[in-house]
1. When the residues of region 238-249 are filtered to those that are part of a loop (DSSP other than H, G, I, E, B) and not aliphatic (A, V, I, L, M), which remaining residue is farthest from the chain's Cα centre (by Cα)?
2. Restricting to region 69-122, and then to whatever is outside any helix (DSSP H, G or I) and of a type in the set (Val, Ile, Thr), can you tell me which residue is surrounded by the most Cβ atoms within 10 Å (Cβ to Cβ)?
3. Among the residues of region 151-158, is there at least one that is in contact with a Gly (Cβ under 7 Å, 6 or more places away or on another chain), part of a helix (DSSP H, G or I), of a type in the set (D, E, K, R) and not assigned by TED's automatic domain parsing to the domain that holds Arg268?
4. Taking the stated definitions as given, is Thr54 in a strand (DSSP E or B), among the polar types (S, T, N, Q) and either farther than 30 Å from Met107 by Cα or touching a Ser or Thr at 6+ places or on another chain (Cβ under 9 Å) (or both)?
5. It is to be established whether one or more residues within region 360-369 are part of a helix (DSSP H, G or I) and either closer than 30 Å to Arg408 by Cα or of a type in the set (Ser, Thr, Tyr) (or both).
6. Among the candidates Ile320, Ile341, Ile379, single out the residue that is under 30 Å from Leu103 (Cβ atoms) and surrounded by 12 or more Cβ atoms within 10 Å (Cβ to Cβ).
7. Does region 162-176 include one or more residues that are charged (D, E, K, R) and over 28 Å from the mean Cα position of the chain (by Cα)?
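The values are calculated or read from the model by the stated rules, or taken from the named source; none is laboratory data. As the structure is a prediction and not an experimental result, all values here were calculated from the model. Cβ coordinates were reconstructed from backbone atoms using ideal geometry, including for glycine residues, and neighbour counts include every protein chain displayed.
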Amino acid sequence: MSELAIIGVSHHTTGLDLRERMSFSDTEATTLLAQLRDAALVEEAMLLSTCNRTELYVALESTNRLNDLKNHLSQSKGLDVLPFYEKDGVDAIRHLFRVTASLDAMMVGESQILGQVKTAYARSKEMGLLQHVLHRSCQRAFSVAKQVRTETDIGRLPISASSVAVTLAEQIFGDVTDCRVLLVGTGDMSALAAEHFRSAGAKQLVVVSNAGDHAEEFAQKFDAEMMSREQLEEALVGADIVITATRSATPLLDQLFVQRIQKKRHNRPLLCVDIAVPRNVEADVNALDGVYLYNIDDLKGIADANMTARESERQKAEDIVDGGVQKFVDELNGLQLVPAIASLHQKCEQIRRDEVEKVISKIQDPQLREALESCTQAIVAKILHQPVVELKATHAEDASRPALDFFRRLFGLEV
């Protein structure tokens, strides 16, 4: 029977430079899987490639073929054979479950990995590379990941500056859908903030910058309204949430400036999240009525506290995964017995029929014939009950096949 096996590299084992070189686009992943299939190296396979890992999941009768797969995977990127880790059997199942539940992630609890595994699964399914082992394993991994999300808080506590900003906004405004979010700056931090607020449902994004073409590209990418630095005051008056992330050497917002803005806004709540270093907003702005100011250290303090809380939730999540793995492995072990048990029942039923046929023609009474059929069927079922129970119990204690092999020899089974 085939077992799940994995080869891969991840942030645990290799640096960013090598992970970048081993990264596969969707098109490249499809090409690689097709090559492996056409070369008869795999019947079941799934390639997961993210910024933190590249892993090939396969179902194999023997792990002897893993070296060929390592060579093929490395050569497809023009690299020498890499220091892939490899896992098989129960270890591979546990790894898949932990990856899908975001317990093996660089940021434990991040939500993107589940979608990435589902994308890889869908690609393999479309290519006909999912059969019993990989299909069952992935479906159960998705179920366990959902259980982890539902029964723990590991994914609910924000740990990045941008996600903390969204959480703060939701605490103040309740819902950011109709909030006007002003982004001052177009760097990486502003881009992350834009992504998080869009994901949270914010419909109105405004970007203020004088960065020329780059600013226009930024605004287009996030479907944001574009305003110049000279329009900052106008933009602030209309904003509910302000994210400042420029490289300005001097503050852009001081207390007098924001006080003037607040008068025009009639002191409506204004959340200012300053993730710039040096700071873009002077600290005394926080003293103004209706203004909530958080700087990068404030966000880091919240994120660190959330990370600590996530770690306390991690053990709960690990316990859920361990329970899911054990239950799934028990089910797989039970499936190994099905062909042998079915074959034994078929063999005994054939013997029963042959013996009944020898005498049933001599019985004229239909009721006696029916009674004979029922009686012999019951005898066979009772004789087989205890051997099958013992086989299942012994196999559950040790699934390394001795009990199953002995069962086959004992009853002369060929499966």
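1. Of the residues in region 238-249, the ones part of a loop (DSSP other than H, G, I, E, B) are 239-240, 245-249.
Now restrict to residues that are not aliphatic (A, V, I, L, M): 240, 246-248.
On the way: Asp240: 34, Thr246: 34, Arg247: 36, Ser248: 39 Å.
Checking each candidate, the answer is Ser248.
2. Going through region 69-122, the residues outside any helix (DSSP H, G or I) turn out to be 76-88, 101-111.
Still in the running and of a type in the set (Val, Ile, Thr): 81, 108.
Values: Val81: 11, Val108: 18.
My answer is Val108.
3. Within region 151-158, none of the residues are in contact with a Gly (Cβ under 7 Å, 6 or more places away or on another chain), part of a helix (DSSP H, G or I), of a type in the set (D, E, K, R) and not assigned by TED's automatic domain parsing to the domain that holds Arg268.
4. On the way: in a strand (DSSP E or B): yes; among the polar types (S, T, N, Q): yes; either farther than 30 Å from Met107 by Cα or touching a Ser or Thr at 6+ places or on another chain (Cβ under 9 Å) (or both): yes.
Yes, satisfied.
5. No, region 360-369 contains no residue that is part of a helix (DSSP H, G or I) and either closer than 30 Å to Arg408 by Cα or of a type in the set (Ser, Thr, Tyr) (or both).
6. That would be Ile320, the only listed residue that is under 30 Å from Leu103 (Cβ atoms) and surrounded by 12 or more Cβ atoms within 10 Å (Cβ to Cβ).
7. Keep residues of region 162-176 that are charged (D, E, K, R), which gives 170, 175.
If we keep only those that are over 28 Å from the mean Cα position of the chain (by Cα) too, we end up with none.
Taking every residue of region 162-176 in turn, none turns out to be charged (D, E, K, R) and over 28 Å from the mean Cα position of the chain (by Cα).
Results for (1) over 18 Å from Ile243 (Cα atoms); (2) modelled with pLDDT under 95, shown as yes or no for each residue.
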position: Asn286; (1), (2): no, no
position: Tyr294; (1), (2): no, no
position: Asp298; (1), (2): no, yes
position: Ala303; (1), (2): no, yes
position: Ser312; (1), (2): yes, yes
position: Val321; (1), (2): yes, no
